[in-house]
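Heads up, the thing below is written out as structure tokens.
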Amino acid sequence: MNDMTKTAATEPQARAREEAALLPPVDVVEDASGITLYADLPGVTREGLNLRVEADTLTIEGEMALQVPEGMQASHAEVQVPRYRRVFTLSKELDPEKVSAELKHGVLKLRIPKAEHAQPRKVEIRVH
């Protein structure tokens, strides 16, 4: 096998490894004013976190920063893919312009409020 054939054969495998990602566990809590999403992302730092909202799609991506002390090597590693990725389709009721995010102790908290037209409102009753 020449070098060109080796490279061509390993490129799809390398690309598949780059695209492989763990699905972070997520809890979604809805209330009258919007949703709060909690995603477990252990080992992900703020710098390694990428959040994108495009049209009605929310994408969460995170690179783990798991450090092995210098001169040491892991004898057992259950986490083979150091990357998280999860994609959600947002309801038309939600306002993607007002997403807020907080990362604390490996847990991402995203707050997505409902759009003004979808918020409950009190109707005034007039008495005649």
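Quick one: in the stretch 96-110, of everything that is among the charged types (D, E, K, R) and over 13 Å from the mean Cα position of the chain (by Cα), which residue is farthest from V53 (Cα to Cα)?
Looking at residues that are among the charged types (D, E, K, R) and over 13 Å from the mean Cα position of the chain (by Cα), I get K104.
Look at the stretch 57-73 and say how many of its residues are modelled with pLDDT under 90 and in contact with a Leu (Cβ under 9 Å, 6 or more places away or on another chain).
Summing the residues that are modelled with pLDDT under 90 and in contact with a Leu (Cβ under 9 Å, 6 or more places away or on another chain) in the stretch 57-73 gives 1.
For the stretch 81-104: of the residues being in contact with a strand residue (DSSP E or B) (Cβ under 8 Å, 6 or more places away or on another chain), part of a strand (DSSP E or B) and of a type in the set (K, R), which is nearest to P42 (Cα to Cα)?
The qualifying residue nearest to P42 (Cα to Cα) is R83.
Filter the stretch 31-54 for residues that are free of Cβ contacts under 8 Å to residues at least 40 places away in the same chain and either aliphatic (A, V, I, L, M) or loosely packed, with under 12 Cβ neighbours inside 10 Å (or both) and give the result.
Across the stretch 31-54, the qualifying residues are D31, E47, R52, E54.
Does at least one position in the stretch 106-119 carry a residue that is surrounded by fewer than 10 Cβ atoms within 10 Å (Cβ to Cβ) and part of a loop (DSSP other than H, G, I, E, B)?
no
For residues that are in a strand (DSSP E or B) and of a type in the set (V, I, T), scanning just the stretch 53-80, find the one that is nearest to the chain's Cα centre (by Cα). Full working, then the answer.
Residues of the stretch 53-80 that are in a strand (DSSP E or B), as a first pass: 53-54, 57-64.
Next, from what is left, pick out any that are of a type in the set (V, I, T): 53, 57, 59-60.
Working: V53: 11, T57: 11, T59: 5, I60: 2 Å.
Out of the qualifying residues, it is I60.
The values are calculated or read from the model by the stated rules, or taken from the named source; none is laboratory data. Values in this document were obtained by computation on a predicted structure and should not be read as measured data. Using ideal geometry, Cβ is built from the backbone for each residue, glycine included, and neighbour counts are taken over all protein chains shown.
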